[in-house]
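Below: one structure, written as structure tokens.
The values are calculated or read from the model by the stated rules, or taken from the named source; none is laboratory data. Predicted model, so just to flag it, every value in this text is computed and none were measured. For neighbour counting, all protein chains shown are included, and Cβ atoms are generated from backbone atoms with ideal geometry for every residue, glycine included. With ligands, DNA and RNA removed, areas are computed over all heavy atoms of the protein, side chains included. Shrake-Rupley method; radii C 1.70, N 1.55, O 1.52, S 1.80 Å.
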Amino acid sequence: MNRSSIAKLNILLILFLVFSNTAQAQEDQWVPIFNGKNLNGWTIKFSGQDLGVNYKDTFRVEDGMMRVVYDNYTTFDNAYAHIFYKEKLSHYRLKFDYRFTGEQVPDSEPWNVRNSGVMFHSQSPESMAFDQDFPASIENQLLGGLSDGKSRRTGNICTPGTDFKIHGVLMKKHCYRSSSKTYHGDQWVNAEIEVRGDEVIKHFINGELVFEYEKTRILPDEEYSADFVTEAMPLKDGYIAFQAESHPIDFKNIYLMKLDQ
């Protein structure tokens with residue numbers, strides 16, 4: 001092989017490495033999915049409202065935060081809502097900061113005080129029924145302490161229309177508690193989930209692993225998914241959605257990292 005051919009091969013090799021590194025960087029880097037200025041890229045769905053209606057101006061952007069605010073409410077009236085990110089996802093990490101603020105809306109369910117969450121592997125907002133309260137999904141449940149001295153862990157799991165396994169054992173209850181600490185008051189808490197299809201999912205709170213599980217499935221459940229599921233099926237992808245369920249909460253620093261499958 002002459003010098004010219006060797007030089008060409010070296011150039012091709014360099015170009016290959018450059019493009020490979022660029023692709024890897026695009027795959028494994030944190031990208032903000034909330035711009036802190038508006039709700040572009042997000043879709044709102046309230047139970048009992050048409051798609052896209054921001055009922056009573058509940059979801060707002062203020063001071064770089066995505067806020068769930070109830071100052072226009074006198075009673076809650078089951079106005080459960082979710083705000084969905086535009087992209088369907090399978091293998092990724094999601095991180096954000098949250099804090100509970102203020103007081104719960106009057107005439108709300110007592111279990112919803114200082115209670116919210118982020119849904120993932122969720123059905124799309126377009127596929128939800130008009131009066132459906134929660135999407136079929138996996139929920140990373142967020143809870144705040146009640147200042148009563150009792151443990152109230154966060155980063156838990158709830159399963160509207162779904163189930164999962166831990167070490168091969170099917171978990172049949174609706175919610176399971178994590179191993180996290182209890183966080184009181186209006187302090188900011190960092191939450192993160194690592195999602196690898198239905199293979200393994202991890203919940204982190206302030207950098208600590210608090211829950212790990214696998215083999216997520218979507219179920220034929222009349223309350224959530226009867227229209228499009230006829231038998232239990234592996235749940236490997238879906239949408240991300242932040243909750244509004246009667247207690248004010250702020251979110252900020254919402255970042256996504258796509259992972260190589």
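Checked against (1) under 22 Å from Asp63 (Cα atoms); (2) touching a helix residue (DSSP H, G or I) at 6+ places or on another chain (Cβ under 7 Å), Ala79 meets all criteria but (1). Of Gly207, Gly149, Gly145, which residue is more than 29 Å from Gln132 (Cβ to Cβ), modelled with pLDDT of 95 or more and over 20 Å from the mean Cα position of the chain (by Cα)? The match here is Gly145. Condition check for Ser180 on (1) assigned to a strand (DSSP E or B); (2) open to solvent by less than 20 Å² (accessible area, probe 1.4 Å); (3) over 23 Å from Gln132 (Cβ atoms); (4) of a type in the set (S, T, N, Q): one failure, at (1). On inspection, Tyr224 passes the criterion of being touching a residue at least 24 places away in the same chain (Cβ under 8 Å), farther than 20 Å from Leu94 by Cα and aromatic (Phe, Trp, Tyr). Taking every residue in the range 151-170 that is more than 16 Å from Glu199 (Cβ to Cβ) and pairing it with any residue that is among the acidic types (Asp, Glu) and part of a loop (DSSP other than H, G, I, E, B), at least 6 positions away or on another chain, the pairs with Cβ-Cβ distances below 9 Å are Pro160/Asp133; Pro160/Asp221; Pro160/Glu223; Gly161/Asp221; Gly161/Glu223. Being farther than 28 Å from Phe228 by Cβ, open to solvent by less than 10 Å² (accessible area, probe 1.4 Å) and either among the hydrophobic types (A, V, I, L, M, F, W, C) or out of contact with any Cys (no Cβ under 7 Å at 6 or more places or on another chain) (or both) is a property that does not hold for Gly149. Set side by side, the residues Gly48, Gly41 differ, and just one is over 28 Å from Asn190 (Cβ atoms) and either in contact with a Lys or Arg (Cβ under 7 Å, 6 or more places away or on another chain) or touching a residue at least 40 places away in the same chain (Cβ under 8 Å) (or both), which is Gly48.
Report whether or not Lys56 is at pLDDT 95 or above, open to solvent by 60 Å² or more (accessible area, probe 1.4 Å), assigned to a helix (DSSP H, G or I) and among the charged types (D, E, K, R). The answer is yes for Lys56.
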